[in-house]
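Enquirer: I have a structure here, written as structure tokens, and I will follow up with some questions on it.
The values are calculated or read from the model by the stated rules, or taken from the named source; none is laboratory data. All of these numbers come straight from a predicted model, not from anything done at the bench. As a convention, Cβ positions derive from the backbone with ideal geometry for all residues, glycine included, and neighbour counts pool all protein chains shown.
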Amino acid sequence: MFSFFKKLIFKDRLRKEIKEEDIMKKYLIVGLGNIGAEYTETRHNIGFKVMDTLAKKNAVTFTTQKLGDLTSFNLKGRKVILLKPNTYMNLSGKAVLYWMQKEKINPENLLIVTDDIHIDFGAFRIKPKGSAGGHNGLKDIQEKLNSSTYPRFRFGVGNTFGKGRQVDYVLGKWSDKEQNDLSIRNQEAADAIENFVLAGLAKTMNTFNGKMPKSE
């Protein structure tokens, strides 16, 4: 009888360990942007662009679900969930929190992809935590998660704008030269995200931070 209960306890513990292992292998990658055709080609929507590139690379398509467009794929035994919130940039945290809770995503397995005017166009800055840096999307995520400790991927969009023209710049369209280089930059970003999932944050930071992709 003792042996029977011992086996039951072992099986129950094994189930819990398997569930915990499955959770550790799930990743939520969120690209920030604004919905609507008028925003599609703007600098502020680079997060959406990177998600589209990553989805295409892995032959998956987005479907509209609660609070955003979602898709997922398996990468060497890891489940990668891509999210493009449809809440508009300033309310991104609502979608992030909902899908983190629904999919049981650990904070270290969350990655937020967003634009950054403090970084040269095409350069990457990947960090484990940090302030919102004046970015309203990151600010809302921080408020909703009640934490600034989550990985983020800042995609440099440059800052070639005059005083008081920041909003016009980030909501403006890419220059012809930037547009020509975007496909390469997006592919590099997709590679960096896959590296984050497979190799971890530290190695991804060492490999991709501050390194400019080659132009065509």
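Enquirer: Consider residue 83 against the criteria (1) part of a helix (DSSP H, G or I); (2) modelled with pLDDT of 95 or more: it satisfies all of them except one. Which criterion is unmet?
Expert: That leaves (1) as the condition not met.
Enquirer: Among the residues of the stretch 33-57, write down those that are within 25 Å of residue 158 (Cβ to Cβ), without any contact (Cβ under 8 Å) to a residue 60 or more places away in the chain and among the small types (Gly, Ala, Ser).
Expert: 33, 36, 37
Enquirer: Let me spell it out: the conditions are (1) in contact (Cβ under 8 Å) with a residue 40 or more places away in the chain; (2) within 15 Å of residue 190 (Cβ to Cβ), and residue 60 meets all of them except one. Which number is the exception?
Expert: If we test residue 60 against (1) in contact (Cβ under 8 Å) with a residue 40 or more places away in the chain; (2) within 15 Å of residue 190 (Cβ to Cβ), just (1) comes out false.
Enquirer: Next up: Under the condition of being out of contact with any strand residue (DSSP E or B) (no Cβ under 6 Å at 6 or more places or on another chain) and of a type in the set (Val, Ile, Thr), which residue from the stretch 147-171 is surrounded by the most Cβ atoms within 10 Å (Cβ to Cβ)?
Expert: Only one residue fits best here, namely 170.
Enquirer: Residues 155, 161: which one is part of a loop (DSSP other than H, G, I, E, B), aromatic (Phe, Trp, Tyr) and farther than 18 Å from residue 91 by Cα?
Expert: 161
Enquirer: Hey, can you tell me all the residues within the stretch 119-146 that are assigned to a loop (DSSP other than H, G, I, E, B), in contact (Cβ under 8 Å) with a residue 40 or more places away in the chain and either in contact with a strand residue (DSSP E or B) (Cβ under 6 Å, 6 or more places away or on another chain) or closer than 19 Å to residue 174 by Cβ (or both)?
Expert: Answer for the stretch 119-146, where residues must be assigned to a loop (DSSP other than H, G, I, E, B), in contact (Cβ under 8 Å) with a residue 40 or more places away in the chain and either in contact with a strand residue (DSSP E or B) (Cβ under 6 Å, 6 or more places away or on another chain) or closer than 19 Å to residue 174 by Cβ (or both): 120, 121, 122, 123.
Enquirer: Residue check: is residue 140 surrounded by fewer than 17 Cβ atoms within 10 Å (Cβ to Cβ) and acidic (Asp, Glu)?
Expert: Taking the combined requirement at face value, the residue does not satisfy it.
Enquirer: Keeping to the stretch 53-71, report how many residues are surrounded by fewer than 18 Cβ atoms within 10 Å (Cβ to Cβ) and on the phi < 0 side of the Ramachandran plot.
Expert: Number of matching residues: 10.
Enquirer: While we're looking at this one, here's another question. If the requirement is being over 15 Å from residue 195 (Cα atoms), at pLDDT 95 or above, surrounded by 14 or more Cβ atoms within 10 Å (Cβ to Cβ) and in contact with a Lys or Arg (Cβ under 9 Å, 6 or more places away or on another chain), which of these qualifies: 31, 130, 122?
Expert: Exactly one residue qualifies, and that residue is 31.
Enquirer: Determine if the stretch 163-175 includes at least one residue that is at pLDDT below 90, of a type in the set (Asp, Glu) and touching a helix residue (DSSP H, G or I) at 6+ places or on another chain (Cβ under 9 Å).
Expert: No - not one qualifying residue is present in the stretch 163-175.
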